[in-house]
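Notes to accompany the following structure.
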Amino acid sequence: MFEQNDTKTRMNKSELMMEDNIKSFVHGDKIKKDTTIKFILDKYETTLKAEDKVREDTYTIAGRMKISRNMGNAGFLTLQDETGLLQVFVRKNDLGDNFKIFKKFVDIGDILQVSGFPFKTKTGELSLYASEITILTKAYLPLPEKFHGLKDQELKYRKRHLDLITNSDTMATFKARSKTVSTIRRFFEDMEFIEVETPMMNNIPGGANAKPFITHHNALGMDRYMRIAPELYLKKLLVGGFEKVFEIGKNFRNEGIDHTHNPEFTSIEAYIAYKDYIYMMNVIQDLIKNILDNLNLPYLLEYDNQNIDFGGEFKRISFKNSLVEIGNVPFEILENRQEIVDFAKSKGLHIDGNLSKGKMWEELFDEYVEAKLIDPTFIIDYPTEISPLARQNEDNKDITERFELFIAGREIANGFNELNDPVEQYQRFLQQVGTKDDDDEAMHMDKSFVEALMNGMPPAVGVGLGIDRLVMLFTNNTSIKDVILFPAMKEINE
């Protein structure tokens with residue numbers, strides 16, 4: 001780990017600093033930082049002219065040294081903190097012994113504390129005229145590609161700290177993510193929803209069709225499942241008397257990794273009693289526009305070389321009609337399973353003839369519709385066979401009162417009127433259990449949830465929204481790994 005020549009050189013400098021009674025890692029009252037680089041930029045960038053000096057205004061900043069240009073008895077360095085970059089001018093006549101320490105011991109990547117006053121150079125660049133420099137942290141490893149940033153995509157994911165140091169766009173992405181999450185939280189709190197926390201380890205994986213991760217609880221002597229969704233617990237809270245609840249947190253699904261899927265991901269799930277899925281679609285539409293406003297983004301948003309229109313009302317179309325109007329699937333074949341199989345075969349798509357009609361429709365939707373849903377579109381009224389937790393439509397038992405929101409060709413949110421009839425829910429679970437031999441994502445029987453329903457759950461609607469995919473849209477990133485600080489990566493031997 002410490003074998004690189006440059007690392008040895010830097011560590012030797014640290015030893016020499018100790019001999020000169022200079023600390024390599026400073027803490028406590030030696031830290032005098034009193035402002036940010038952004039504050040100085042905002043205050044002086046437009047008010048100072050070339051060669052203006054403000055000697056009476058003294059500030060102390062701290063950050064990582066990114067660039068150093070030494071000119072004998074004077075020079076410039078560039079300091080970076082979380083808020084930005086600022087040039088610093090250093091001169092021997094002003095720093096005295098401090099200047100000798102700077103020249104002798106400081107390397108690119110070290111974290112420094114600099115005191116001084118703002119001024120503009122002859123070329124008009126805002127800078128800090130240094131009166132004191134302190135090494136706060138000695139960096140033993142050099143920064144990668146110091147003038148170009150970290151470019152290797154896989155290395156960016158594996159060593160996110162270096163990515164953040166060298167790429168300002170990455171820092172901006174994760175600040176936007178943080179603001180998105182806080183906006184979502186405030187939005188629901190303003191609607192008087194209560195934020196709750198539910199277990200991450202479950203006796204039964206429930207709340208979604210997905211393959212779980214399995215772990216073992218030593219004290220209980222039993223296997224547990226990392227949660228795939230908090231849904232069933234949140235609905236138990238509705239039974240208990242809460243009328244508006246939400247949870248923001250991680251879910252875990254033991255499935256494939258690609259540009260829109262990571263094994264652990266962040267979502268919000270929200271449930272409200274005495275409302276329906278039409279109401280919740282309006283809520284989600286308002287939420288997304290609220291996030292755009294808080295991120296100062298336009299309603300006509302460019303994403304992956306496409307313009308996405310968030311203005312006006314989001315389009316709504318039934319699942320069945322979307323197959324015909326968007327997927328160009330002939331209407332007359334949709335009620336005949338064999339004709340669906342034959343149609344798919346003629347298009348080069350294999351659909352298992354043993355699947356239910358609803359499952360076949362789902363295969364057609366995935367192949368011919370989803371990728372075409374660029375502008376925000378609510379697909380509504382899903383087949384009952386693929387919606388095991390959703391309430392059936394009273395006039396048509398083949399469909400449920402469910403919606404999914406699609407943007408840029410991918411699912412963003414899933415919501416529905418909640419099934420609260422315990423007998424029907426029990427039968428739906430039985431149907432799911434009966435398919436587990438062929439479908440390892442099918443749901444388990446959850447008797448505790450059925451029992452909770454038997455105490456009576458009020459009519460309600462719930463929604464789950466994928467935060468990672470939403471942040472991808474709002475930061476114009478096409479890989480989910482670019483919006484997760486530490487995405488899942490295969491281990492390598494270094």
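A few comments on the model shown:
- Selection within region 161-184: residues that are in a helix (DSSP H, G or I) and over 14 Å from the mean Cα position of the chain (by Cα). The member of this set that is surrounded by the most Cβ atoms within 10 Å (Cβ to Cβ) is ASP163.
- The single condition among (1) under 29 Å from THR377 (Cα atoms); (2) surrounded by 16 or more Cβ atoms within 10 Å (Cβ to Cβ) that TYR274 does not meet is (2).
- In the set LYS315, LYS289, LYS236, only one residue is charged (D, E, K, R) and under 26 Å from MET226 (Cα atoms); that residue is LYS236.
- Residue in region 230-243 that is in contact with a Gly (Cβ under 6 Å, 6 or more places away or on another chain) and within 18 Å of ARG428 (Cα to Cα) present: yes
- Residues satisfying the stated conditions in region 308-345, i.e. of a type in the set (Lys, Arg) and either touching a residue at least 40 places away in the same chain (Cβ under 8 Å) or not in a helix (DSSP H, G or I) (or both): LYS315, ARG316, LYS320
- Residues of region 1-57 that turn out to be under 19 Å from SER131 (Cα atoms) and more than 39 Å from the chain's Cα centre (by Cα), as a count: 8
- Residue count, region 363-384 (criterion: surrounded by fewer than 20 Cβ atoms within 10 Å (Cβ to Cβ) and assigned to a helix (DSSP H, G or I)): 7
- Filter result for ALA460 (surrounded by fewer than 20 Cβ atoms within 10 Å (Cβ to Cβ) and hydrophobic (A, V, I, L, M, F, W, C)): no
- Qualifying residues in region 147-158 (those that are surrounded by 15 or more Cβ atoms within 10 Å (Cβ to Cβ) and part of a loop (DSSP other than H, G, I, E, B)) - the one modelled with the lowest pLDDT: GLY149
- Helices (runs of 4 or more DSSP H) (entirely within region 1-117) containing at least 2 residues that are in contact (Cβ under 8 Å) with a residue 40 or more places away in the chain: 5-19, 37-44, 97-105
- Residue list for region 62-105, filter: β-branched (Val, Ile, Thr) and under 27 Å from THR7 (Cβ atoms): ILE67, THR78, VAL88, VAL90, ILE101
- In region 25-34 there is no residue matching the filter, namely being acidic (Asp, Glu) and surrounded by 13 or more Cβ atoms within 10 Å (Cβ to Cβ).
- Test for GLY348: is it surrounded by fewer than 16 Cβ atoms within 10 Å (Cβ to Cβ), in contact with a Lys or Arg (Cβ under 7 Å, 6 or more places away or on another chain) and outside any helix (DSSP H, G or I): no
- Among the residues of region 118-146, those identified as in contact (Cβ under 8 Å) with a residue 60 or more places away in the chain, closer than 30 Å to ASP20 by Cβ and assigned to a loop (DSSP other than H, G, I, E, B) are LYS138, ALA139, TYR140, LEU141, PRO142, LEU143, LYS146.
- Region 185-206, subset among the hydrophobic types (A, V, I, L, M, F, W, C) and in contact with a helix residue (DSSP H, G or I) (Cβ under 7 Å, 6 or more places away or on another chain), residue surrounded by the fewest Cβ atoms within 10 Å (Cβ to Cβ): VAL196
- Matching option when the condition is hydroxyl-bearing (Ser, Thr, Tyr) and touching a residue at least 60 places away in the same chain (Cβ under 8 Å), among THR475, THR400: THR475
The values are calculated or read from the model by the stated rules, or taken from the named source; none is laboratory data. Computed from a predicted structure; not experimentally measured. Reconstructed Cβ throughout: ideal geometry from the backbone, glycine too, with neighbour counts over all protein chains shown.
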